[in-house]
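Participant: First the structure, which I've put down as structure tokens, then a few questions once you've had a look.
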Amino acid sequence: MEMIRIRGGATLSGSVSVSGSKNASLPILAACLLIDGPVILDGVPHLRDVDSMLQLLENLGVAWTRQADDSLLLEVQDDHEVRAPYHLVRTMRASFCLLGPLWAKRGRAIVSYPGGCVFGHRPVDLHLKGLGAIGAQLELGDGHVHATGRVQGGNVFLGGNFGSTVLGTANVVMAAVLGSGETIIDAAAQEPEVADLCHFLNACGADIRGIGSHRLVVRGVDALHGCRYRIIPDRIEAGTLLCAGVITRGEVEVLGARPEDLSAFLDRLRAAGVSLELGTRELPINRRTDDGLRELDVNAAPRIRPAAKGAGKARTGDLVAGDLDERQGSLMADRVALPGSSGAADSEGEAGDGGGVATEHVPFIRTLPWDRLDAVDVATLPYPGFPTDLQAQILATMCIAEGVSVITEKVYPERFIHCAELARLGAKIHREGPTAIVHGQRRLRGAAMMASDLRASAALVLAGLVAEGRSEVRRVYHLDRGYEALDRKLARLGADVERATES
Ligand code: EPU
């Protein structure tokens, strides 16, 4: 197993790009089950969770391939399989969001009931309530959820004791886009990743209104067609990199970070006394950095010839270069319809017009060195509140702040497994149920730590950056589930980090 070794104390500085969003990519990949024809996705990060989802899709008859420009090309080649088995689903909870699209498109779905999770009980009752409300007949057998029936549409309220549900909303939206009914989802999750899924589906011909709000209205359509689409930047990775700048008192520019997705987080940084600069940079498309965002090369037109239908189980590489004929038209048209301020919408050079290098305006957020870092209170909430996926990272940052911060977890009340590991560095953290009380320390001292889940791992790495001497973060595979080359990005900013094999 691999670990990360860190020698703390370096002040980070420089510019780094965020990758495409993991939590937007996973449901968008699942949504490819719904689509007739090829789909090209730009910005899908290279992550273990993405690999797991691609393996599940491959098992469900989807052929996929990474193209030379790093885009992902996918197409359903065989639609007979309806089962997502336990041995594949158990590695990643997000695979449960295959249930909605699989049922809607193939009339039947059998998806393993997801197992437990290190940060507490994570039920799927709201997913099932939502799918049931729009026509699914659901049964539990052999540890799998069996869905049959037809999508009919209907009204559903998806609010629960801890707010709405992100993947539950995705599941219901993906099922509701096909068919003749109308679905109204109240208390829909408003996270940018849910909005990105809806924008993608609309680009494929779906009719979803109210995107980004708590009420989604979905009118079913007969079929969805392929398109080319770019995934939004990862706001959680952006927040993590900004924490790296703050905790080391550095000047770190995070390119691609969309401030509008990070309002609650930026508010807490400012309250702690951190000065931030926000702006946009005009950069050549595809040449932003050599890692981080992999940009769409507008000169590389996709040329795809899908293999014949029913040609057996799909394999990587079944899609071959060839004539695209009439399909190329729709793919080309959709390439300019990329959403969001970090998309290619600002492109100032025309693709292939020979009129110079195409550029785009890329947003950035930059941390400036602080004079004093004050402790602040944080409560996680569904979007637009402070994201639970940045709780561990802000908590690590507060370990060196002046004063006492009270950090309350209102989405996953037990998501505090990182506290015990941070204590190994000398952090003073006291747990009271869903709240951690952090007494800021001037110094942390390096130690060996054990990663337990994705965001907790990131928090341990952040603390290691500022702890005196050497730290080790073991079981780093947790980090690789959801961060693309975080250690390399930190090294580029001047951190003394290296990967090593655990002894
Ligand atoms: N909940 C229910 N019933 C349900 C579903 C959820 O009670 O049927 C509860 C959960 O127990 C939790 C709250 O509702 O208390 C929110 O859970 P949600 O369903 O929104 O979480 P999720 O969709 O399973 C996604 C992200 C998580 C992120 C949460 C909250 C993906 C792949 N996962 O999970 O991301 O923490 O939303 O924002 O999008 C991560 O990236 O590290 C991660 C865990």
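Participant: Taking H as built 1.01 Å from N, whose amide H comes closer than 5 Å to the amide H of Thr280, not counting residues under 5 places away?
Facilitator: Phe364
Participant: How large is Rg over Rh for region 438-503, taking Rg from the Cα atoms and Rh as the Kirkwood inverse mean of 1/r across Cα pairs?
Facilitator: Radius of gyration over Kirkwood radius for region 438-503 works out to 0.95.
Participant: With a/c under 1.5 counting as rounded, go ahead and sort region 365-427 into rounded, prolate or oblate using the C-alpha gyration tensor (a ≥ b ≥ c being the square roots of the eigenvalues; past the cut-off, prolate if a/b is larger than b/c, else oblate).
Facilitator: oblate
Participant: Percent relative contact order of the chain, based on C-alpha pairs within less than 8 angstrom and at least six residues apart? Walk me through the numbers before you get to the answer.
Facilitator: Working: 1280 pairs, mean separation 110.1, N = 503.
After rounding, I find 22 percent.
Participant: Rounded to the nearest 500, what is the 222 nm mean residue ellipticity of the chain from helices alone, with -39500 (n - 2.57) per DSSP H run of 4+ residues and division by all residues?
Facilitator: -8000 deg cm²/dmol
Participant: Still on this structure, I have one more. Taking other Cβ within 10 Å of each residue's Cβ, how do Arg93, Arg270 sort, fewest first? Walk me through the numbers before you get to the answer.
Facilitator: Values: Arg93 17, Arg270 12.
By the 10 Å Cβ count, ascending: Arg270, Arg93.
Participant: Residue by residue, what Karplus-based ³J(HN,Hα) values in Hz, rounded to whole numbers, does region 176-188 have, using 6.51, -1.76 and 1.60 with θ = phi - 60° and x for Gly and Pro?
Facilitator: Computed from phi, the couplings for region 176-188 are 6, 5, 9, x, 9, x, 10, 10, 10, 9, 9, 6, 5 Hz.
Participant: Search the structure for amide H atoms under 5 Å from the amide H of His144, placed 1.01 Å from N in the peptide plane, and list their residues when 5 or more places away or on another chain.
Facilitator: Residues meeting the amide H criterion: Tyr113.
Participant: How would region 22-230 be classified by its alpha-carbon gyration tensor: rounded, prolate or oblate, with rounded meaning a/c under 1.5 and the a/b versus b/c comparison settling the rest?
Facilitator: Here region 22-230 falls in the rounded category.
Participant: Further question: Any chance you could check the Cα centroid distance between region 8-82 and region 187-265 for me, in angstrom?
Facilitator: Centre-to-centre (Cα) distance: 15 Å.
Participant: Report, as a whole number in µm² per second, the diffusion coefficient that Stokes-Einstein gives for the chain at 20 °C and 1.002 mPa s using the Kirkwood radius over alpha carbon pairs.
Facilitator: Answer, rounded: 92 µm²/s.
Participant: Let me ask another. Can you sort Trp64, Trp103, Trp370 so the residue with the fewest Cβ neighbours within 10 Å comes first?
Facilitator: In order of increasing Cβ crowding within 10 Å: Trp370, Trp64, Trp103.
Participant: Here's something else I'd like to know. Per 10 Å bin from zero, what fraction in whole % of the C-alpha pairs of region 85-190 is there, up to the bin with the longest pair?
Facilitator: In whole percents, the pair-distance histogram is 16, 51, 29, 4, 0.
Every number here is computed from the coordinates shown, using simple stated rules; none is lab data. Everything numeric in this text was worked out from a predicted model, so none of it was measured. When we count neighbours, we look across all protein chains shown, and the Cβ atoms used for this are built from the backbone with ideal geometry, even at glycine.
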